[in-house]
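The structure under discussion appears below in the form of C-alpha cells.
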Amino acid sequence: MKKFALTILCFSTGMTWANSNLDMENKIRAEGFYNSEVMHTLEQLTDEIGPRLSGSPQMKKANEWTLNKLKSWGLKNAYLDPFEFGRGWSHDSASIHLTSPREVTLHGIPVAWTPGTKGKIAGDVVIFDASSEADLAQYKGKLQGKIIMMGDGKNIEAPENTVFNRYDAAELSELEEFDVEKDPSYSPWVSAERRASALQQFYFGKTLNDFLAKEKVAAVLYRSWRQGGLINIFGRDHRVGNTFPVPALVIEAEHYNSLARMIDTGKTPKITLDIDARFHDEDHNAYNTIAEIPGSEVEPEIVMVSGHLDSWHASDGAVDNGAGVAVAMEAVRILSVLNFEPKRTIRIALWSGEEQGLFGSSAYVDKHFATRPSPTNKDEKSLPNYLWKSQGWPIETKPEYDKFSVYFNMDNGSGRFRGIYTEGNVAANPIFNNWFGPFSDLSTGTVTNDSTGGTDHESFDDVGLPGFQFIQDELDYSSRLHHTHIDSIDHVSEADLKQASVILAGFLYQASMADERMPRKPMPQDMSDLQKQKMQQNIKKSRIQREIEANKAKAINALQDKT
C-alpha cells in the first residue's frame, strides 16, 4: 500500500511522464537497445578522426562530421556556431632520447600550444625551480641552449588499489545528503581568498615566458603528476600573443625523477629532442556544432542536450568526452528515427573549448540567453574572467532566456547513469524522481540536491538557467583515463553507453512534452554586504598568514646561511 501511494504521489506532480504515456518509452528502449548506433558514432570520432584539440584541423573535421551526421538523421537548423578562441595547434610526432650518462629512449608528449623544435635539437639538462620574479635572477645568463626541468623530482606515493569503480548503495545514499555549508552552485571557480595567489601565478607566467625567450632556453620538460607510465596532458595559453615561446614536453614521472637523481649526484644528463608541432593562424575562431528537432508550438521553448566535442591532443578522447557526444547524438537520433514531434524544440550542442575553460558553452549562453557586465577597468578586463574581482552583476537576460526550459549534460566519463544532480533546484527533485520511474530496471535513479562542477552545465546554471549533469559510474575515468594518453575507446562499455542513451532520450522526450517548463532557482545575485565584510576579513587573514609564512621562510634561510 505504501508503494502504491508513493506512485500516485509521484504521478500527481506537475511534470509527470508525459501524461503517463509509456508507449514512447517502449519505442525508445527498442530503438536504443536493438538498433543502437552509439558505438559506431564513437568509433567515427575516435578511430577515424582521433584527437580533437580546440582550434585544430581535427577539431574542425569533427565539427563538420557531426554536423553532416545530425543532418543525415533528419535534424534541422544545423550549423557551426563560431566564437573567438585563439590560435590553433597540432603536432604529428615527438621523440626524446637520453644520450648521456647512458642511452635510453624516454616517453614524452608535447604540451599543447608550444612550438616545435624545427628538427632535432640537443642540450644539457638542468633543474629550474622558480615561482616568482625574484627567483629568476639566479638563472640569468645560465640557460642558453639548455633543456630545463620545471622543478625537482618528487617521490612517487604508493598507488591506490582501486582502479575501476561503480557506485554502491551506500555511496549513492550518501550523495543524496545535501551539504548545507557548500557555496552556491554558481560560485566563482577562484574564490576571493585564492584570487591574489592566482593573479600572482598568472602574471608570473607572462614574466616567465619573456624570461625563457630572452635567455634562449632550448626546451622545457614537465613532470607528469601521474605515475606508472601515465602522462597527464595539458596545454599552455592559446590566446594570440600569449602562447608559450619554447618547445615543451611532459614526460613520465619515473623518467623525470631519474633525470633529477642524475643531477643530484653531480651528473649532467644530455638529451636530444625532436618535436614536429605547429600553430594554425588561418582562423582564430572555434566552433560549436548545433542542430535541432524543431518544436511544434508557435514559439516553442527550448530543451538542450550536450557533451563537449573537443578533447586533448595525445589520445582519442573517447571517455573525455567522445562518450558524452556519442550519447547525446544517439539520444536525438533515437527520437528523430521515431518521427517524434516535440512541443518544445530539442536542441543539441556539441561544444568546443571546454577543456580550456567552458569557452564554447559560455560564448553560446552569452550570445543567446544572458550576459554579465565586464569590468570597467581596462587591465582587469584583459584578464581571464575567472580572475575578475566580481563575477559581474546584475545578470542581463536576453529574449531567449524566458523561452529556455532545461539543459542536460554528460561529461563524467563513459559510465552508466546512476542519477542526476539538481544543483540545489529542489523543485526539480520530484520531477526527476518521476522521470526515472520507467528506468528503474536500468538505474537507481538517485536524485541529489547537491551540485557538481567542471562541466558545461555550469555555463547555464551560472546565469540562473536549469542545467544538469548526470551522476555516472566512475569506472576508471579518474584513476587512469582523464586527460591521459590512454583515453581510448578500448576503455568504454557499450552497455553503459546504450543505457545512458536510452535514459537521456527519455528525459528529452519528457522535458519537451511536459505541461510546464522546468522550474528555476532564484536568479543568482551578488553577495550581501555582510557576506562581503566576511569575505574581506578572510582575505585579510589569508594575506597575514602568507606574510607570516614568508617571514618564517626568510628566517630559516638566514639561519641556514649562518650555519
TODO: Just order 374-380, 118-124 by mean Cβ neighbour count inside 10 Å, highest at the front, would you?
DONE: 118-124, 374-380
Task: Cα-based Lys proximity count in segment 131-280, under 19 Å, for pairs eight or more positions apart or on separate chains - done: 15
Open item on the list: Give me the percent relative contact order of the chain, please, defined on Cα pairs under 8 angstrom at least 6 residues apart.
Closed with: 23
- [ ] Divide the volume of the convex hull of the Cα atoms of segment 332-477 by its number of residues and quote the answer in cubic angstrom per residue.
- [x] 148
Task: Accessible surface of segment 160-208 [probe 1.4 Å, protein heavy atoms]: carbon and sulfur percent - done: 51
Open item on the list: Compute, for segment 132-232, the length of the dipole vector about the Cα centre, with Cβ point charges of +1 (Lys, Arg) and -1 (Asp, Glu) only. Units Debye, rounded to 20.
Closed with: 1180
- [ ] At a 1.4 Å probe radius, which order do TRP312, TRP113, TRP189 fall into by accessible area, largest first?
- [x] TRP189, TRP312, TRP113
TODO: Would you kindly state how much longer the chain becomes between ALA427 and GLU494 on full extension, computed as 0.36 nm times their sequence separation minus their alpha carbon distance, in nm to one decimal?
DONE: 20.8 nm
Open item on the list: At 0.36 nm per residue, and after removing the present C-alpha to C-alpha distance, how many nm does the segment from TYR79 to ASN161 gain when stretched out fully?
Closed with: 24.9 nm
Open item on the list: Among ILE233, ALA213, THR563, whose Cα projects farthest towards the positive end of the dipole of the chain, with charges put on the beta-carbon of Lys, Arg (+1) and Asp, Glu (-1)?
Closed with: THR563
- [ ] Name the long-range amide H neighbours of THR452: under 5 Å, sequence gap of 5 or more, or other chain; modelled H, no Pro or chain starts.
- [x] GLU423
Task: Computed over segment 193-289, the ratio Rg/Rh where both radii use C-alpha atoms and Rh is Kirkwood - done: 1.02
Open item on the list: Below 13 angstrom from the Cβ of GLU160, what's the summed charge of the other residues (Lys, Arg +1; Asp, Glu -1)?
Closed with: -1
TODO: Note the angle between two axes, namely the Cα long axis of helix 494-513 and the longest principal axis of the Cα atoms of the chain, as a number of degrees from 0 to 90, rounded to the nearest 10.
DONE: 50
TODO: Provide ARG546, ARG102 ordered by accessible surface of protein heavy atoms (probe 1.4 Å), highest first.
DONE: ARG102, ARG546
- [ ] Place +1 on the Cβ of every Lys and Arg and -1 on the Cβ of every Asp and Glu in the chain, take the dipole about the Cα centre, and give the residue among LEU75, GLY360, ILE49 whose Cα lies farthest towards its positive end.
- [x] GLY360
- [ ] Could you please report the charge total around PRO524, scoring K, R as +1 and D, E as -1 over all other residues with beta-carbon less than 12 angstrom from its beta-carbon?
- [x] -3
Task: All-pairs Cα distance distribution in the chain, expressed in whole percent, bin size 10 Å - done: 3, 16, 25, 25, 18, 9, 3, 1, 0
- [ ] Please figure out what share of the DSSP beta bridges in the chain is antiparallel and state it in percent, rounded to the nearest 5.
- [x] 55
Open item on the list: Within 12 Å, Cβ to Cβ, of LEU143, how many net charges do the neighbouring residues add up to if Lys/Arg are +1 and Asp/Glu are -1?
Closed with: +3
Task: Given charges at Cβ of Lys, Arg, Asp, Glu: the chain dipole, positive-most of VAL125, SER306, MET329 - done: VAL125
- [ ] State the number of lysine pairs found in segment 340-424 whose Cα atoms come within less than 16 Å, restricting to pairs 8 or more positions apart or on distinct chains.
- [x] 5
Task: Shape category assigned to segment 473-563 from the gyration tensor of Cα positions, a/c cut at 1.5 - done: oblate
Task: Counting DSSP beta bridges with both ends in segment 388-495, the antiparallel % (nearest 5) - done: 35
Open item on the list: Could you tell me what a quarter of the Cα convex hull surface of segment 270-338 works out to, in nm² with one decimal place?
Closed with: 8.3
Task: Dipole moment magnitude, nearest 20 debye, segment 207-366 about Cα centre, only Lys, Arg, Asp, Glu C-beta charged - done: 740
TODO: Take each of the peptides 381-391, 214-224, average the number of other beta-carbon atoms within 10 Å over its residues, and list them starting from the highest.
DONE: 214-224, 381-391
- [ ] Quantify, in whole percent, the carbon and sulfur part of the accessible surface of segment 262-367 (1.4 Å probe; protein heavy atoms only).
- [x] 46
- [ ] Note the full-extension length gain between THR376 and LYS154 as 0.36 nm times their separation in residues minus their Cα-Cα distance, in nm to one decimal.
- [x] 75.6 nm
Open item on the list: Using the crude model of +1 on Lys and Arg Cβ and -1 on Asp and Glu Cβ, and no other charge, please compute the dipole size for segment 429-563 relative to its Cα centre, in debye to 20.
Closed with: 1160
Task: Accessible surface of TYR167 - all protein chains present, 1.4 Å probe, nearest 10 Å² - done: 60
Open item on the list: What figure, in Å² to the nearest 10, do you get for the accessible area of ILE275 with a 1.4 Å probe and non-protein molecules left out?
Closed with: 10
TODO: Determine, for each peptide in 195-201, 27-33, 314-320, 235-241, the mean count of other beta carbons within 10 angstrom over its residues, then list the peptides with the highest first.
DONE: 314-320, 27-33, 235-241, 195-201
Task: Rg [Å, one decimal], Dmax [Å, integer] - segment 409-563, C-alpha atoms - done: 23.0, 79
- [ ] Please report how many Lys pairs in segment 477-549 have alpha carbons closer than 26 angstrom, counting only residues at least 8 apart along the chain or sitting on separate chains.
- [x] 4
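The values are calculated or read from the model by the stated rules, or taken from the named source; none is laboratory data. Only a predicted model underlies this, so the values are computations on that prediction, with no experimental measurement involved. Heads up, the Cβs are rebuilt from the backbone with ideal geometry, glycines too, and the neighbour counts pull from every protein chain shown. Side chains are part of the model used for accessible areas, which takes the heavy atoms of the whole protein and leaves out ligands, DNA and RNA. Shrake-Rupley method; radii C 1.70, N 1.55, O 1.52, S 1.80 Å.
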